[in-house]
Each structure stands twice: as C-alpha cells, then as structure tokens.
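**Student:** First the structure, which I've put down as structure tokens, then a few questions once you've had a look.
The values are calculated or read from the model by the stated rules, or taken from the named source; none is laboratory data. This structure is a prediction, so every number in the text was calculated from the model and none was measured. Glycine gets a Cβ as well: all are built from the backbone with ideal geometry, and neighbour counts include every protein chain shown. Accessible surface areas use protein heavy atoms only, side chains included; no ligands, DNA or RNA. Shrake-Rupley method; radii C 1.70, N 1.55, O 1.52, S 1.80 Å.
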Amino acid sequence: MIPPAVENKKHFLSECIRINPFAYLGLMKLTPGYTICLSAMLFFVSCKKNTEDIITPPPPPPPIVMPDNDPLLLGNPTNAQTSTTMPENYLKNNGWYKIAYSQSRAIPVWVAWHLQADLDFGVTSRQDDFRADVGLPAGWYQVQDNSYSGSGFDRGHNCPSADRTSSIPANSSTFLMTNMIPQSPKLNQVSWAGLEDHTRANLVGSDKEAYVFMGNYGVGGYNTSNLFFTSIDAGRVTVPAYIWKVIISIPKGANDISRMDTSATVLAVNMPNDNRLYLTGGNTVWRNYITTIANLEQQAGMNAVMLDLLQRIPANIRSYLKLKLYR
C-alpha cells in the first residue's frame, strides 16, 4: 500500500529511491511511465555519491624562496624550527648567523653562516662583549658571560669574531652566549683557530665564498687541567664530546644553489673536545681529523644528533659532495 504521505507516483518513486533505490527497481514494471525518470534519478544519486567520496587534496605549499648568502641556503641540518615545542632543536636568527639551540644542553646544536670577504671582512676590532642572549624564549635559562669562569674551558665561538668584522653590530653578535660552547683551550686557541684562519685565507680569500656549519654532539670533554667534565655552570651547561665543522666553498657569484656542482670544495672535520690531544702539533692538527660529511652524519646520528646537511642541493650532487674528502 502506498503510504498516505505519498500523494502521487512521482513522489512515491522519489521516496523509494531516498529510502533504498535498489529495493524498488521492480516498481519500474508497475509504473512504466516512470522508468526513464527512475533511471535518471538513480544515475543522479550514484553520481552524487561518487562526487562526495572524492577528496581533493590541498595544493602543495609554495616552495621556500631563500636568497643567496642566507646561512641556510644549502639546507637546515636538523630541520630546526622556531617553536618552543622543539626546545632541543630551536631555530634562532642571531642576525649575522643562524643557530639551532638546545635548551637542556644550553649550547647550540649547530651554527650556520655565510662567509665572503667583501661582505664580512672589515676593520672592526674584536668587541669582547660576552653576554647572555635575552632573545631566548621566556623562562629558558640564559647562560651568563661568567658561566664558564673557573671551569677550565674556553668560551669557544661557533661563528668566529674574525668572520664578522664588517661592523660593530656584526662583531658584537658573535659574543652572544648562544654562540658559545665549552671548548678545550688548546683546541680552541690553537687547532681550531688554525682551521678558521685556513678557511678565511684559502676557502674564501678574495674570489670565493663559503657556507659554513659548526656543531657538536656527545657529552664530556677534557679541560685545561686535562680533567674530564660532562657539564659546567652547576650542571646547567653541557660540555660536548665532539666538535665538528663543514665548509662548502665555491667561486664568488650569484644564484649559488644553481652553481653548486661536484667541483665545490668540501672541508669537514670532526674533533674530540680533549685538551690532551692538542698539546703539540700547532695550528694544523685539524688536518688529522678531516672526514667526509657522510661519516660525520653517521657519527652524530650514533649520538642522537640526526644531521642531514646540504638538503637543498640536488640529490645527485649532494650525494657526491657528502663523500668528498678534502685534500
């Protein structure tokens, strides 16, 4: 029996389709005049269902446009982000270089900068204004200028003072304590200083430019008294076990990413933070610790620092450069 609410056949058929289209296909025999209408309505229902089932994915995000000379033009080594939800991999821009900072270790994971003589070298003297970095997120411990005092470790620069002599603000920025690590004095003042001098003279000079990354991993180093410490500043600042550096040097020019090829110079070192190892040998001892980027990434990964350098360089070139050994 047709329900009372159904006043005519067309309404009846549409009700049937709404409730269960396929259960009422037999009605077409009883109402031949509506066979075509019913078929069309079934087709419409089917099409509507299929349309609703298709989920259109959102458009891909626009590619990140990064200018030449940006410290992270070649890639963000640990995919650090400026978010307090990532306190062990916090991206911070210190103006003349960028860092990934570890809140628990109170030292950077890595520091990145670009180096070019006509942009970065000048006559500005060393400012020596070591100071706390008030730009850290609220509530985070701020390492003070005297936090390393009496520890037997140097306040070791990541981005060197001598790499930023173009202006007082540029040089002063390198004395923020977020740019420092507890570094064995003989390593800092002799071996590492020799590496920095070599970079400026030979990998930059007057006709080249370089992208530089410096970082650390592990826990524990030997100070000026050749004593082992895992931390200083009442346990608030971690003493790293290894300190590394990667320099990518190319001829000076524009559109740096597009100019990155297998001819780029790659210098990678990975040195123990152990004062005992650098008592002799002078400022070229760093040559004994030359490695490849691939090996450095492996060693860091074994110590829970997942490095992936040169991410923005095309894969085939990146793979080649990661295996290139400096001569």
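**Student:** If the label point is 7 Å along Cα→Cβ of R327, which residues in segment 258-284 have backbone nitrogen under 20 Å from it?
**Tutor:** 261-269
**Student:** If the viscosity is 1.002 mPa s and the temperature 20 °C, what Stokes-Einstein diffusion coefficient in µm²/s follows for segment 233-290 when Rh is the Kirkwood radius over Cα pairs? Walk me through the intermediate numbers first.
**Tutor:** On the way: Rh = 14.4 Å.
In µm²/s, the coefficient is 149.
**Student:** Continuing with this model, one more query. Just to make sure I understand: if all protein chains stay in place, what is the order of L279, L296 by accessible area at 1.4 Å, largest first? Kindly include the intermediate steps, with their values, before the conclusion.
**Tutor:** Numbers: L279 100, L296 0 Å².
The most accessible residue leads, giving L279, L296.
**Student:** Using only alpha carbon pairs under 8 Å that are at least six residues apart, calculate the relative contact order of segment 144-225 and give it in whole percent. Don't skip to the end; give the middle numbers.
**Tutor:** On the way: 69 pairs, mean separation 29.4, N = 82.
Averaging sequence separation for qualifying contacts and normalising by length gives 36 percent for segment 144-225.
**Student:** Now for a different question. Would you please report the Å³ per residue occupied by the convex hull of the alpha carbon atoms in segment 126-269?
**Tutor:** On the way: hull volume 19.6 nm³, N = 144.
Dividing the Cα hull volume of segment 126-269 by its residue count gives 136 Å³.
**Student:** Provide the solvent-accessible area of R131, counting protein heavy atoms only and rolling a 1.4 Å probe, rounded to the nearest 10 Å².
**Tutor:** Its accessible surface works out to 80 Å², give or take rounding.
**Student:** Right, here's the next one. Using a 1.4 Å probe on the protein heavy atoms, what percent of the accessible area of segment 272-327 belongs to carbon and sulfur? List each step's numbers first, then the result.
**Tutor:** Values: 1560 of 3110 Å².
Carbon with sulfur: 50 percent of the solvent-accessible area.
**Student:** How many percent of the accessible area of segment 61-150 is carbon or sulfur, using a 1.4 Å probe? Could the numbers behind the result be given before it?
**Tutor:** On the way: 2330 of 4340 Å².
With neighbouring chains kept in place, the figure for segment 61-150 is 54 percent.
**Student:** If you don't mind, there's one more thing I want to ask. At 1.4 Å probe size, what's the solvent-accessible area of H114? Round to the nearest 10 Å².
**Tutor:** The value for H114 is about 10 Å².
**Student:** Which residues does a label at T230 reach in segment 80-110, if reach means a backbone N under 17 Å from a point 7 Å past the Cα toward the Cβ?
**Tutor:** Within reach of a label on T230, which here means backbone N under 17 Å from a point 7 Å along Cα→Cβ, segment 80-110 contributes 104-107.
**Student:** May I have the extent of the alpha carbons of segment 210-327 along their three principal axes, as whole Å values ordered from largest to smallest?
**Tutor:** That gives 47, 31, 23 Å along the principal axes, largest extent first.
**Student:** Just for segment 189-327, what percent of DSSP beta bridges are antiparallel, to the closest 5? Before the final figure, lay out each step's value.
**Tutor:** On the way: 24 of 25 bridges.
Percentage antiparallel, nearest 5: 95.
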